[in-house]
Amino acid sequence: MMNQSKTAQHFEPAVVLSIAGSDSGGGAGIQADVKTWSALKVFGTTALTCVTAQHPNGVEAITALEPDMVLQQIKTVCDHFPVRAAKTGMLYSADIIRIVAAEDIREGIPVLVVDPVMVAASGARLLKADAVDAIKNDLLPQARVVTPNLHEAEILCGHSISSLDELRAAAREIGDHFDVACIAKGGHLGGDEVVDVLYDEGEEYLFEAPRLPAAQTHGAGCTFSAALTAYLAQRMLMHEAVQSAKRFVHQALEQSLRVGPHQPLNFGWNSGAAGAQ
Ligand code: PXL
């Protein structure tokens, strides 16, 4: 009898890793990453940093895992899977950040995307105040790309940003200072057009899109960095990966779902009429 497993065609998805927190409400954090990755046909693995009790409008409780448990998860995944790219989300404490930035960990991760998560859309702190320096000094120098929103870019470059020109300058400053590509997201600048800036290896790219009316944005940042990680794992060039990730988030917001009183992103917008993940 023929051995089926030897003749069947097997799809070989790129493997990606999320080092991030759990959002019990399913719209952001590691849940958004895994849902996005299913939609984009990459194989998602995870290293959980924190458990949160939350819904889109508030964080009720946070429990961090022991840093050593975070380390064990990353090591186990990297030792047993061909990880092409990883992203970090909610890291919460300086101890966890230093674990992720350690050299032996970085060796198993060819491409690292840092989403410098600091504050939830609801206003809750997702990074301890004393951990910002660890993001800057330990983690960013290890990253291929960092994806700050306006508020995070202000913290990373140390001054306020109130115009597109200042956002462009901030992307360059962060990129040059930390030797990393920087995608500075302009959504919080206001206006009918949203402009995001990519600064990569001395080149600047601007991405313009019409602002979506009254979109619920909880999880949009996580989804963007997850999609970016997937496209980089699929070997797209940086500016193409950014363009594609922006499109993915735009569609997921535009076709958002009704889930009880909430309107989460439709992570499965690209997989048919119902599309929910
Ligand atoms: O969107 C940032 C973010 C990241 N990670 C977790 C979150 C949130 C936002 O709420 O809950 C776990």
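DSSP assigns beta bridges within the chain; of those with both partners inside it, close to 50 percent run antiparallel. Highest GNM mean-square fluctuation among 230, 53, 39, for the chain modelled with Cα contacts below 10 Å: 53. Membrane-span-like helices in the chain, defined purely by DSSP H runs whose alpha carbon atoms cover 15 Å or more axially and whose average Kyte-Doolittle hydropathy reaches 0.5, are 220-233. Rolling a 1.4 angstrom probe over the protein heavy atoms with all chains in place gives the chain an accessible area of 47 Å² per residue.
Distances between placed amide hydrogens fall under 5 Å for residue 17 paired with 45, 85, 86, 87, all partners being 5 or more residues away or on another chain.
What is the percent carbon and sulfur in the accessible area of the range 15-254, measuring with a 1.4 Å probe over the protein chains and ignoring ligands? Don't skip to the answer; put the middle values down first.
Details: 4860 of 9950 Å².
Carbon and sulfur together cover 49 percent of it.
For the range 15-254, a Kirkwood radius taken over Cα pairs fed into Stokes-Einstein (25 °C, viscosity 0.890 mPa s) yields D = 140 µm²/s.
Here residue 35 is the anchor, and the lysines within straight C-alpha reach of less than 19 Å, apart from those fewer than 8 places off in the same chain, are 87, 246.
Cross-link partners of residue 128 among lysines, defined as those whose alpha carbon lies under 18 angstrom from its own and excluding same-chain residues fewer than eight positions apart: 136.
Would you calculate a helix-derived [θ] at 222 nm for the chain, using -39,500 (n - 2.57) for each DSSP H run of n ≥ 4 and dividing by the full residue count, to the nearest 500? Mean residue ellipticity at 222 nm (helix-derived): -10000 deg cm²/dmol.
Once backbone amide H atoms are built at 1.01 Å from N, residue 54 has 24, 25, 60 as its partners under 5 Å, excluding neighbours fewer than 5 places away on the same chain.
The values are calculated or read from the model by the stated rules, or taken from the named source; none is laboratory data. The structure displayed is predicted, hence computed values, not measured ones. Quick note on the areas: whole protein, heavy atoms, side chains included, nothing else; ligands and nucleic acids left out. Shrake-Rupley method; radii C 1.70, N 1.55, O 1.52, S 1.80 Å.
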